[in-house]
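The values are calculated or read from the model by the stated rules, or taken from the named source; none is laboratory data. Note that this is a predicted model, so its numbers are computed, not measured. No Cβ is skipped: glycine too gets one built from the backbone with ideal geometry, and neighbour counts run over all protein chains shown.
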Amino acid sequence: MFFRSRCNSFEYLIAGLGNPGLQYENTRHNAGFIGVDALCEKTGAKLTRHRFEALFGEAVIDGHRVIIAKPQTFMNNSGRAVSALCRFYKIPANKVIVMFDDISLPPGNIRIRRKGSAGGHNGMKDIIELMGTEDIMRIKIGVGDRPVADYDLKDWVLAKIPKEEREPFNKAAQNAALAACEIISGGIESAMNKYSK
């Protein structure tokens, strides 16, 4: 799957959403960061560059040069980093893949979408607003919903992933990485058929 690039320019941006800082590591809201970590492990990418309010690096997936990034703006301002990277590297919105947490999916599940609204996710909302389009691919990583309706949503998503959910969560992150690679190598329909639940 990973060989020499057939072009000199970058064709895709894969961005995982989360919050920077030790206090946010391994929290539900950092599912996108964890998915990108799995992708870096798979592709050998190193996120060593810090510019455009993002940590990022590059990989070659099935001959396509790809930027892999973690916005460092905090979740609600993720669009600043994503839009800046796209402008600089001339990557169109329909070649952007965003990984992020989704409380509507159980831990262990992922869902792939070609485009659509933000669905209440503030990071995705900011990306859509600053990119000026909903035509952005996304890989949603399930983190499960609150046990009771009056549980504060912010407290839920910023809580550490409990021990009993780590195995399915890590599996979802691995599948998110595989799905991102499949989107690039085989197309989004193929990725949806293989990995979307």
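What to note about this one:
- Every residue from region 179-197 that is surrounded by 13 or more Cβ atoms within 10 Å (Cβ to Cβ), of a type in the set (S, T, N, Q) and out of contact with any Lys or Arg (no Cβ under 7 Å at 6 or more places or on another chain): Ser185, Ser190
- Top-ranked residue of region 140-162 - restricted to ones that are in a loop (DSSP other than H, G, I, E, B) and acidic (Asp, Glu), ranked as modelled with the lowest pLDDT: Asp150
- Search result, residues across region 19-62 that are outside any strand (DSSP E or B), crowded, with 20+ Cβ neighbours inside 10 Å and β-branched (Val, Ile, Thr): Ile34, Val36, Thr43
- Verdict on Ile103 being crowded, with 22+ Cβ neighbours inside 10 Å and over 15 Å from Ile136 (Cα atoms): no
- Members of region 137-193 found to be among the hydrophobic types (A, V, I, L, M, F, W, C) and free of Cβ contacts under 8 Å to residues at least 24 places away in the same chain, listed by number: Val148, Ala149
- Boolean, Val82 is buried (at least 22 other Cβ atoms within 10 Å of the Cβ), touching a strand residue (DSSP E or B) at 6+ places or on another chain (Cβ under 9 Å), of a type in the set (Val, Ile, Thr) and more than 13 Å from Ala180 (Cβ to Cβ): yes
- Of all residues in region 139-178 being in contact with a Lys or Arg (Cβ under 7 Å, 6 or more places away or on another chain) and more than 9 Å from Gly108 (Cα to Cα), the one that is surrounded by the fewest Cβ atoms within 10 Å (Cβ to Cβ): Leu153
- Check on Glu129, surrounded by fewer than 21 Cβ atoms within 10 Å (Cβ to Cβ), part of a helix (DSSP H, G or I), charged (D, E, K, R) and touching a residue at least 12 places away in the same chain (Cβ under 8 Å): yes
- Residue check for Asp101: part of a loop (DSSP other than H, G, I, E, B) and either in contact (Cβ under 8 Å) with a residue 40 or more places away in the chain or of a type in the set (Ser, Thr, Tyr) (or both): no
- Total residues in region 156-172, condition within 13 Å of Ala38 (Cβ to Cβ) and small (Gly, Ala, Ser): 1
- Matching option when the condition is closer than 20 Å to Ile141 by Cα, among the aromatic types (Phe, Trp, Tyr) and over 13 Å from the mean Cα position of the chain (by Cα), among Tyr24, Tyr89: Tyr24
- Candidates Ile112, Ile61, Ile103, Ile67: the one that is among the hydrophobic types (A, V, I, L, M, F, W, C) and either within 20 Å of Leu158 (Cβ to Cβ) or out of contact with any strand residue (DSSP E or B) (no Cβ under 9 Å at 6 or more places or on another chain) (or both) is Ile103.
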